[in-house]
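Notes follow the structure.
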Amino acid sequence: MRGDARVQLFRSQVGQLAFNLNLLVDNASGEYVVRMDSDDISERNRIRILRQAIARTRPDIIGSCVSIIDENGVLTGEMRLPLRHDQIVKALPTRTVFCHPSVAIRRQFLLEMRGYLGGLSSEDTDLWLRAYRAGGKVENLPDYLLRYRLHATQTIGSKLAYAEVAGHWLREFLIAPSMHSGKGLLVSLCKAIFSSWLPGARRYKAGRCVKNEHKET
């Protein structure tokens, strides 16, 4: 992309994803912010399919299913996710509802949410919870638009990540006590306590896919 004025590179010495995402959102000019991690691979048709979906439904957050690859780029599994808004809300207390690197977020909505907040390993879950509380419109596409790389040093499924998520759910329960937030708090506490025995990222490998119990009608 050398010589393309639309491409700008921003560097930061702050080693926190939430800070760097906020930096990019603040400097972005488009209506939607499309993100991915540096070691992931977007499919060639990703932007086109996202644009078509956004034009149809105008969501605040939209993600997609993803293929899982290892350090060498070898396909090892897939991550299927709940698709419709109601399915995502129902699944939120118990499982992953977005693959963060796959999402596009309406920039103004993210600014109204005051951007990403803290958390070394769970800034995405924090955002999903706050978006739900704010009445955000969310969805996932059934298309596999990203190859998501899993490696040994990732924090997915770590004790730190589970502990942070439990803290987010505690906040939500204290702000708006309900069966939904209570379930999320109970499940996240159990995951944090028993994290050593949970499969974590291993559940996405070797063809062991997350079962998608929710199908579009």
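Using the structure shown, decide if residue 91 is in contact (Cβ under 8 Å) with a residue 60 or more places away in the chain, small (Gly, Ala, Ser) and within 15 Å of residue 188 (Cα to Cα). Yes.
Taking the condition touching a residue at least 24 places away in the same chain (Cβ under 8 Å) and out of contact with any Pro (no Cβ under 6 Å at 6 or more places or on another chain), does residue 14 pass?
Values: touching a residue at least 24 places away in the same chain (Cβ under 8 Å): no; out of contact with any Pro (no Cβ under 6 Å at 6 or more places or on another chain): yes.
Criteria not met by residue 14.
Within region 69-99, the set of residues being of a type outside the set (Lys, Arg), outside any loop (DSSP other than H, G, I, E, B) and at pLDDT 95 or above comprises 85, 86, 87, 88, 89, 91.
Test residue 141 against the stated conditions and say whether it is assigned by TED's automatic domain parsing to the domain that holds residue 91, out of contact with any Asp or Glu (no Cβ under 9 Å at 6 or more places or on another chain), surrounded by 16 or more Cβ atoms within 10 Å (Cβ to Cβ) and under 21 Å from residue 62 (Cβ atoms).
Details: assigned by TED's automatic domain parsing to the domain that holds residue 91: yes; out of contact with any Asp or Glu (no Cβ under 9 Å at 6 or more places or on another chain): yes; surrounded by 16 or more Cβ atoms within 10 Å (Cβ to Cβ): yes; under 21 Å from residue 62 (Cβ atoms): yes.
Yes; evaluated as a whole, the condition is true for this residue.
Of the residues that sit in region 32-77 and are in contact with a helix residue (DSSP H, G or I) (Cβ under 6 Å, 6 or more places away or on another chain), acidic (Asp, Glu) and under 26 Å from residue 9 (Cβ atoms), which one is surrounded by the most Cβ atoms within 10 Å (Cβ to Cβ)? The qualifying residue surrounded by the most Cβ atoms within 10 Å (Cβ to Cβ) is 40.
Okay, residues lined up against (1) under 14 Å from the mean Cα position of the chain (by Cα); (2) β-branched (Val, Ile, Thr):
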| position | (1), (2) |
| --- | --- |
| 60 | yes, no |
| 69 | no, yes |
| 72 | no, no |
| 102 | yes, no |
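The values are calculated or read from the model by the stated rules, or taken from the named source; none is laboratory data. Bear in mind the structure is a predicted one, so any value in this text is a computation, not a measurement. Cβ sites come from the backbone with ideal geometry, for glycine too, and all protein chains shown count toward neighbours.
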